[in-house]
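Values in this text are rule-based calculations from the coordinates and carry no lab data. Please read these numbers as outputs of a predicted model, since none were measured by experiment. Please note: Cβ atoms are built from the backbone with ideal geometry, for glycine as well, and neighbour counts cover all protein chains shown.
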Amino acid sequence: MNREQMKRSHYLAGKVVRYHTHPTLNTQTVADHSWRVAVLIVELFGIPRAEVLVYALYHDCGEMSSGDLPFMAKDAVPGLADAMKRAEAYGLELLEVCLPELSSLEKVQVKIADLLEMYEFGTLEVAMGNQYGDMVRDDTLAEARRLASKHNLTEAVDAWINRSKN
């Protein structure tokens, strides 16, 4: 398999390792993350349109070409978020993946599920003794709560957080 064939492999796109810029005890792949995001959408907001689940399952496959850059870095460096979006779009193009169109509310719901998946990952890291896991846990929960508050989704997020603690 050559480099171009590799960049076009859906299977290998799922094998891309996340958190390569942060010390972790566990390894998480794009496939691990994307599956949990899809499940969290259902847990948080009920069964969505099929397009939302397709979006969730494929949303980070473009990282096969761009890598997984932390959201806080994208916020801190002017222009970086746009450059990463272009790099991820290029990766999706190579994979011949066209993400479905979502409503603005559906996009926010996917983003909240995405952040809460990272919150779960950080929570696991802390539970297993990673003293750096609290950064992932706390930052992603704060951002999920901020988004939820802005879009009247706080009740769903708080209910999920309460259920997940039990």
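What is the distance in Å between the Cα centroid of segment 35-81 and that of segment 108-136?
Answer, in whole Å: 14.
Through the Karplus equation 6.51 cos²θ - 1.76 cosθ + 1.60, θ set to phi - 60°, convert the phi angles of segment 154-165 into ³J(HN,Hα) values in whole Hz; use x for Gly and Pro.
4, 4, 5, 5, 4, 4, 5, 4, 4, 5, 6, 7
Taking only Cα atoms, what is the 0 to 90° angle, nearest 10, from helix 133-150's long axis to the longest principal axis of the chain?
With rounding to tens, the tilt is 80 degrees.
At 222 nm, what value in deg cm²/dmol follows for the chain if DSSP H runs of at least 4 each add -39500 (n - 2.57) and the sum is divided by all its residues, to the nearest 500?
-21000 deg cm²/dmol
Here are some values of Cα Rg over 2.2 N^0.38 Å: (i) 1.03; (ii) 2.53; (iii) 1.09. Which one was computed from this structure?
Given (i) 1.03; (ii) 2.53; (iii) 1.09, the calculated one carries the label (i).
Using θ = phi - 60° and the Karplus form 6.51 cos²θ - 1.76 cosθ + 1.60, what ³J(HN,Hα) does each residue of segment 20-29 get, whole Hz, x for Gly and Pro?
Each residue of segment 20-29 in turn: 6, 9, 9, x, 10, 8, 9, 9, 10, 9 Hz.
Based on the Kirkwood radius over alpha-carbon pairs, what value in µm²/s does the Stokes-Einstein equation return for the translational diffusion coefficient of segment 1-97 at 37 °C and 0.692 mPa s?
For the chosen part, D equals 230 µm²/s.
Do any chymotrypsin sites (Phe, Trp or Tyr not before Pro) in segment 102-166 lie in a DSSP loop with no more than 16 other beta carbon atoms within 10 Å, and if so, which?
Those that pass, being in a loop and sparsely packed, are Tyr132.
For segment 3-165, what is the relative contact order in percent, using Cα pairs closer than 8 Å and at least 6 residues apart in sequence?
Computed value for segment 3-165: 23 percent relative contact order.
For the chain, with only Lys/Arg (+1) and Asp/Glu (-1) charged at the beta-carbon, what is the dipole magnitude about the Cα centre, in debye rounded to 20?
80 debye
Calculated FRET efficiency, Arg146 and Thr21, Cβ-Cβ r, R0 30 Å, to nearest 0.05?
The computed FRET efficiency comes out at 0.85.
Under 23 Å Cα-Cα from Lys15, which lysines qualify once same-chain neighbours fewer than 8 residues away are excluded?
Lys7, Lys74, Lys85, Lys111
In terms of modelled amide H atoms, which long-range or inter-chain residues lie less than 5 Å from the amide H of Thr29?
Arg18
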